[in-house]
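Q: Pasting in a structure now, in structure tokens, and then I'll have a few things to ask.
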Amino acid sequence: MEILAEHVNYVMQELPPHVTLVAVTKTRPVELLEEAYSLGLRDFGENRVQEMCDKQPLLPADVRWHQIGHLQTNKVKYIAPFVHLIHSVDSLKLLAEINRQAAKYERVIEVLLQVYIAKEESKFGLDDDEVIELLNHHETAAMQNIRICGLMGMATFTDNDQVVRNEFASLKKLFEKLRNDFFSGNEEFRWLSMGMSGDYHIAIEEGSNMVRIGTALFGER
Ligand SMILES: *Cc1c(COP(=O)(O)O)cnc(C)c1O
């Protein structure tokens, strides 16, 4: 408990006040989430639907649950009643299903679009043109039960800080462009989710206002 408090306080005190900390709790036992909660953390990130659904009823109701991992369309229904923010929207089909499920529960679900910025091969995320296509799509405009609130990206896993910095800077640039072109005068497009344990300092310097941190808070998984 003392060790956890030390790590949590260290990370929290390092973050500028405009940066939201999402504590990544995937693979961690509920007891650890309860400790984290008692230290004041409220935003928890999970990457597997089943695990989030198992943990959610066991934690206080004011926990904000973030879906940070790839989300399959057929699993949206399980998190739709309670999820706070979905970081990993990477297709129109997924967006449409989130909208459909949110409507069932009479909710508006906030989402981020996941953008592919890393050099390494990845199956997930949209490129810049695909993001613009999705935002321009007439179906997107008609969705009443989702709110697109920003972007999420993951940098290349590398020791080369300059590569990481350039990737984050390119995502920030896209974020500004989209905010200007699609959301001007609209405050809801506001989150730039980038930065994990190994690279959150760089991410914040490059304009992140939401970091997703597991290892630096809770140790190796
Ligand atoms: C696991 C994970 C994180 C946190 O990684 P750490 O290196 O433990 O901080 C952040 N974002 C996503 C999408 C993840 O899957």
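All of the numbers you see were taken from the coordinates with simple rules; none came from a lab. Quantities reported herein were computed from a predicted structural model and do not represent experimental measurements. Cβ coordinates were reconstructed from backbone atoms using ideal geometry, including for glycine residues, and neighbour counts include every protein chain displayed.
Q: Which of the GluC sites (Glu not before Pro) found in the range 135-221 are in a DSSP loop and have at most 15 neighbouring Cβ atoms, other than their own, within 10 Å? Don't skip to the end; give the middle numbers.
A: Working: sites: GLU139, GLU167, GLU176, GLU187, GLU188, GLU205, GLU206, GLU220; in loops: GLU187, GLU188, GLU206, GLU220.
Loop-located and lightly packed - GLU187, GLU188, GLU220.
Q: Further question: With a cut-off of 8 Å between alpha carbons and a minimum separation of six or more residues, what is the relative contact order of the chain in percent?
A: Details: 380 pairs, mean separation 42.7, N = 221.
Result for the chain is 19 percent.
Q: For the range 1-46, what class follows from the C-alpha gyration tensor (a ≥ b ≥ c being the square roots of its eigenvalues): rounded when a/c is under 1.5, otherwise prolate if a/b is larger than b/c, else oblate? Each step should come with its number before you reach the end.
A: Values: a/c = 2.17, a/b = 1.32, b/c = 1.64.
Since a/c reaches 1.5 but b/c is at least a/b, the shape of the range 1-46 is classed as oblate.
Q: Moving on. Around LEU92, what is the net charge, scoring Lys/Arg as +1 and Asp/Glu as -1 over all other residues with Cβ under 13 Å from its Cβ?
A: Within the 13 Å Cβ shell, the charges total -3.
Q: Between rounded, prolate and oblate, where does the chain land on the alpha carbon gyration tensor, with a ≥ b ≥ c its root eigenvalues, rounded for a/c under 1.5, else prolate if a/b exceeds b/c?
A: Details: a/c = 1.77, a/b = 1.16, b/c = 1.52.
Because a/c hits 1.5 or more and a/b fails to exceed b/c, the chain counts as oblate.
Q: Let me ask something additional. How much length is gained if the chain between ASP129 and ARG48 is pulled fully straight, taking 0.36 nm per residue apart and subtracting their Cα-Cα distance, in nm to one decimal? Kindly include the intermediate steps, with their values, before the conclusion.
A: Working: separation 81, 0.36 × 81 = 29.16 nm, distance 2.78 nm.
That works out to 26.4 nm of additional length.
Q: Taking other Cβ within 10 Å of each residue's Cβ, how do ILE204, ILE3, ILE109 sort, fewest first?
A: Values: ILE204 20, ILE3 9, ILE109 26.
Listed from fewest to most nearby Cβ atoms, that is ILE3, ILE204, ILE109.
Q: When MET12, MET154, MET194 are ordered from fewest to most other Cβ atoms inside 10 Å of their Cβ, what list results? Display every interim value, and only then the final one.
A: Values: MET12 15, MET154 26, MET194 31.
Fewest to most other Cβ atoms nearby, the residues stand as MET12, MET154, MET194.
Q: Another question, then. What is the distance, in nm, between label points placed 7 Å from the Cα along the Cα-to-Cβ direction at GLU176 and at GLU31?
A: It works out to 4.8 nm between the two label points.
Q: Compute the FRET efficiency between ILE3 and GLU139 as 1/(1 + (r/R0)^6), taking r as their Cβ-Cβ distance and R0 = 41 Å, and round to the nearest 0.05. Write down the numbers at each step before the final one.
A: On the way: r = 49 Å, r/R0 = 1.19.
Computed FRET efficiency for ILE3 and GLU139 comes out at 0.25.
Q: What does the net charge come to around VAL163 if you take all other residues with beta carbon closer than 13 Å to its beta carbon, with K and R at +1 and D and E at -1? If you can, show how the numbers build up before the last one.
A: Values: positive: LYS119, ARG165; negative: GLU120, ASP159, ASP161, GLU167, ASP199, GLU206.
Once all neighbours under 13 Å are counted, the net charge is -4.
Q: Test of understanding: express the Cα radius of gyration of the range 16-93 as a ratio to 2.2 N^0.38 Å, with N the residue count. Write down the numbers at each step before the final one.
A: On the way: Rg = 12.5 Å, N = 78, 2.2 N^0.38 = 11.5 Å.
Working it through for the range 16-93, the quotient is 1.08.
Q: Evaluate the Debye formula for the range 153-211 with equal point scatterers sitting on the alpha carbons, no solvent, and hand back log10 of I(q)/I(0) at q = 0.12, 0.13 Å⁻¹, in q order, two decimals.
A: One equal scatterer on each Cα of the range 153-211 leads to -0.28, -0.32.
Q: Moving on. Quick one: net charge of HIS137's neighbours, Cβ under 13 Å, K/R +1, D/E -1?
A: Details: positive: LYS93; negative: ASP129, GLU130, GLU133, GLU139.
Around HIS137, the charge tally is -3.
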